[in-house]
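Participant: Pasting a structure here, questions to come.
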Amino acid sequence: MEQESTVLLLRIYMGEKDKYQGKTLYMYIVEYLRTNHFAGVTVLRGIEGYGKASKIHTANILELSSDEPIIVEVVDREEKIEQFKQVYSTWDISASTLITQERVQIIQYGKKG
């Protein structure tokens, strides 16, 4: 990717326990994206949150939730994001996920200088 370019940011919200083909869903996604040479991916663990079912998921030690909120962020050119969305839609995922997308501007990619 070039510096000072406009790309897409895709966010996939899920639970830490969500699985696909015997693997943790977020790990499966990261492996897929790396294998297919996507520009960047970051996995974020949430402190607390809830989704469609309004069940609270938290990292609070007193709650001992083992299904904390997870967000997978993917940044790449529009064609690559569209390609991933098509592939993802064919996966038989039983988890309830939320996917958002927005245009973002790359200011810096890699080292300066």
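Participant: List the residue pairs whose Cβ atoms are under 8 Å apart, where the first residue sits in region 98-112 and is of a type in the set (Asp, Glu), the second is part of a strand (DSSP E or B), and the two are 6 or more positions apart or on different chains.
Facilitator: 102/8; 102/9
Participant: Select from region 7-46 the residues that are in contact with a helix residue (DSSP H, G or I) (Cβ under 8 Å, 6 or more places away or on another chain), outside any helix (DSSP H, G or I) and not charged (D, E, K, R) and list them in ascending order.
Facilitator: Hits for region 7-46 are 7, 8, 10, 12, 14, 20, 21, 36, 38, 39, 41, 43.
Participant: So, residue 92, is that one in a loop (DSSP other than H, G, I, E, B), farther than 17 Å from residue 43 by Cβ and of a type outside the set (Lys, Arg) or not?
Facilitator: Criteria met by residue 92.
Participant: I've got another one for you. Please go through region 24-48 and pick out each residue that is among the basic types (Lys, Arg) and either at pLDDT 95 or above or surrounded by 12 or more Cβ atoms within 10 Å (Cβ to Cβ) (or both).
Facilitator: Initial filter on region 24-48 (among the basic types (Lys, Arg)): 34, 45.
Residue satisfying the conditions is 34 alone.
Participant: Moving on. Just one of (1) out of contact with any Gly (no Cβ under 9 Å at 6 or more places or on another chain); (2) surrounded by 15 or more Cβ atoms within 10 Å (Cβ to Cβ); (3) at pLDDT 95 or above trips up residue 74, so point out which.
Facilitator: Of everything listed in (1) out of contact with any Gly (no Cβ under 9 Å at 6 or more places or on another chain); (2) surrounded by 15 or more Cβ atoms within 10 Å (Cβ to Cβ); (3) at pLDDT 95 or above, residue 74 misses just condition (1).
Participant: Among residues belonging to region 55-71 that are of a type in the set (A, V, I, L, M, F, W, C) and farther than 25 Å from residue 7 by Cα, point out the one that is modelled with the highest pLDDT.
Facilitator: 56
Participant: Return a yes/no flag: does region 96-111 have any residue that is among the hydroxyl-bearing types (Ser, Thr, Tyr) and modelled with pLDDT of 95 or more. Step through it out loud before you land on a result.
Facilitator: First, pick out the residues of region 96-111 that are among the hydroxyl-bearing types (Ser, Thr, Tyr): 96-97, 100, 109.
Among the residues that remain, those that are also modelled with pLDDT of 95 or more are: 100.
Scanning region 96-111, I find at least one residue that is among the hydroxyl-bearing types (Ser, Thr, Tyr) and modelled with pLDDT of 95 or more, so the answer is yes.
Participant: When the residues of region 101-113 are filtered to those that are assigned to a strand (DSSP E or B) and loosely packed, with under 11 Cβ neighbours inside 10 Å, which remaining residue is farthest from the chain's Cα centre (by Cα)?
Facilitator: 105
The values are calculated or read from the model by the stated rules, or taken from the named source; none is laboratory data. Note that the coordinates shown come from a computational prediction; the quantities given were computed from them, not determined experimentally. Every residue, glycine among them, receives a Cβ derived from its backbone with ideal geometry; neighbour counts consider all protein chains shown.
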